[in-house]
1. Identify, from the list Ala105, Ala150, the residue that is surrounded by 15 or more Cβ atoms within 10 Å (Cβ to Cβ), assigned to a helix (DSSP H, G or I), of a type in the set (A, V, I, L, M) and out of contact with any helix residue (DSSP H, G or I) (no Cβ under 9 Å at 6 or more places or on another chain).
2. Among the residues in region 61-72, are any at pLDDT below 90, among the small types (Gly, Ala, Ser) and not in a helix (DSSP H, G or I)?
3. Mind checking which residues of region 299-317 are more than 11 Å from Gly263 (Cβ to Cβ) and within 8 Å of the chain's Cα centre (by Cα)?
4. Would you point out the residue of region 579-594, among those that are of a type outside the set (Asp, Glu), open to solvent by 60 Å² or more (accessible area, probe 1.4 Å) and in a helix (DSSP H, G or I), that is nearest to Asp553 (Cα to Cα)?
5. Considering only region 157-185, state which residues are in contact with an Asp or Glu (Cβ under 8 Å, 6 or more places away or on another chain) and open to solvent by less than 40 Å² (accessible area, probe 1.4 Å).
6. Tally time: how many residues in region 127-136 are in contact with a helix residue (DSSP H, G or I) (Cβ under 9 Å, 6 or more places away or on another chain) and either acidic (Asp, Glu) or in contact (Cβ under 8 Å) with a residue 40 or more places away in the chain (or both)?
7. Run down Pro498, Pro489 and say which single residue is within 16 Å of His531 (Cα to Cα) and surrounded by fewer than 21 Cβ atoms within 10 Å (Cβ to Cβ).
8. So how many residues does region 506-527 have that are open to solvent by less than 40 Å² (accessible area, probe 1.4 Å), farther than 14 Å from Met352 by Cα and among the hydrophobic types (A, V, I, L, M, F, W, C)?
Amino acid sequence: MLDKPVSALRLRERLLDSERLMEETGCYDGITELSLRNQDPLKFETLHTKLRAYCVSAREMAVQVPDVMDVVPIFHEGTLVGWAGAVCHELEAGGITPGGDVCLAQERFTEGLFVCAEKIGENDEIRRDYVIRCERNLRMPIYWVLDEKAKVASCIDMRESVKQLISEIGLDYWMKVSKEFIEEGRRAQLARTRQITVPGIYRGHTFYGHVTAGKPGFQLLGDPDWLYNIPIEMEIGTDGKITMDFEGTQPWGYHSMNCTPAGMDGGMFVTLTQHMNFEGLVNDGAWMATQLKLPHGTWTNPDNEMVATATSWALLLPAYGVFQRLLSRSFIARGFVEEAFVGQVNSPMIEMGGESQYGTPFGMAHFECAAAGSGALAIKDGLDTAYVGWNPESDMGNIEVWEQSMPMVYIGRSIVPNSGGAGKYRGGCSFVSTWLINKTSHLRLHTSEHSSRVFDNGGMCGGYPAPTCQKHRAVRNSNIHELAAKGEPLAHAPGTDPHVSDYERNIGGDHVVVEGPYITAPHKAGDIFSHSYNGGGGYGDVLERDPVKTAWDVENGFLTREAADQVFGIVLRDDAEGYPVADIDATVKRRAAMRKERLAKAIPVADWLAAERGRVEKADFAPEVKKMYASAIKLSSRFTREFSDFWNVDARSIFTPGAKP
């Protein structure tokens, strides 16, 4: 029992006491019975719905994706009764590279403006010294300052709504019911997991490749290109608790893609709220029904507080895409096929800064990346240009609005054919934008959060992963204005020829192709730049895809004829008006031949394992793969043991010769 009433305890004491009660009883704050819900369930649910409505209303004042948080305490007659919080992603953070994600940050010291649990205002007003600090440290402080005002306004709106609610129901009832809401959320999460999943241990894997060789600004440290290994083990207990274990992943590095335990919690929560808790009543209780095991010293839990974490989504998104696929396996095992979702993917970010079209300094992140392609579902295709894991309410934004904020004008925005992973149900497709740099003599462009040379997403049940090969194309000193003046054809997209782009065919100038992250010398007016985003993985056997649906995809630019034939085994003919239609009889024959080809190429699993074991014994891998395994083995004895047992080798002697056992 408490020695003092709850209202008299300090914040730290209240937190520690709540954690102690959770440890002792297994229930949030020691609430073993939901007495208020049992007494009057209608009142209980009505209040819960009202609170959610207040949040939705306040959210509209500061609607963006999360990153920087403001919180305001809520007092009722001198008693602290809660907190209102609002979060926004900031388009400019004052880092070594312009924008909000600061891709070139490789230590904490280059990430930009740092605000840590700091009081920035009082009496509902933001302090002037804080605003001045923002103005002196940010390239475009108007975004940050206006967002702060919007967030504070939304918190005040939430605060006043809660105070009004307390005046209606009474302080005692509020103090009890707010805690019961959380305990109910914990129980609901456990119950939902028991209902739609099968207990057990599930394992998945993904990778992330980063290509930086020859690019300015990166601390190479002898490893210009590197590969991240992200193995995940998910255990679902018979009580419904979900535990995620990242044992065997890579150590933190000198790059901006490290994360923190709090960030890992955030990624977990974002995934759960859209994958299992979509009724809108989710709270901290659902988080309490899960557990993350984050090995110390890895990118998930660095043992150095000075590491950079500016673009942590780059590794978070592939990791929690695996989580979604693991959950989906369990949904299918329980029979809830309609709940299966192949999951989220990385959505490459483009940021920029320098001199704006108005002649002023500027810096910003371009958030059309919020409309990538989603993974497929087990019952239908994924969403085209309409999903990212960190913002399921996707919106790429209007071209005309973006053009007001940056010294570039669009000359193209179009679907990328074949960008969704193939399957019975294909992944959602992505899009590519092409810009003409306009009215500036100095524009720095850089991109981040895209994998290279490996798949950072996956398919399910025979579906293919989506392609992640990112090649940026630019044309410096282009002749586009001369071409336009003559009325000659222009290029509005890279085109579908992998060898020669439409830019090279139609536009003169100095053509540049860059794989992976883009960071080069500044651009100027008259240059052209293109950037594409990622699609999602597919679900099911490609040879089971609907031929009629595929013909529609080809007609509308989501697939090419070559992919329809070579990947899906679907034969298309043109009708009288020139539109593609499926030839069903020819498709049946084509697919029968492809199945025979599969069988002819197939070998027993035992033979394949024996051949691969020979490669493992010789460490017959690309240099990046060798380094990946060596770093994981050095950090994790469990990974080393399991790798050795599976392949029947001594992993340590193969990948880290000379190291102490």
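1. Ala150
2. yes
3. Result: Ala314, Leu317.
4. That would be Ile584.
5. Selection gives Ile182, Glu183, Gly185.
6. Summing the residues that are in contact with a helix residue (DSSP H, G or I) (Cβ under 9 Å, 6 or more places away or on another chain) and either acidic (Asp, Glu) or in contact (Cβ under 8 Å) with a residue 40 or more places away in the chain (or both) in region 127-136 gives 1.
7. Pro498
8. 2
The values are calculated or read from the model by the stated rules, or taken from the named source; none is laboratory data. Because the structure is predicted, anything quoted here is derived from the model rather than measured. Using ideal geometry, Cβ is built from the backbone for each residue, glycine included, and neighbour counts are taken over all protein chains shown. For the accessible areas, the whole protein counts, side chains as well, though only heavy atoms, and no ligand, DNA or RNA atoms are used. Shrake-Rupley method; radii C 1.70, N 1.55, O 1.52, S 1.80 Å.
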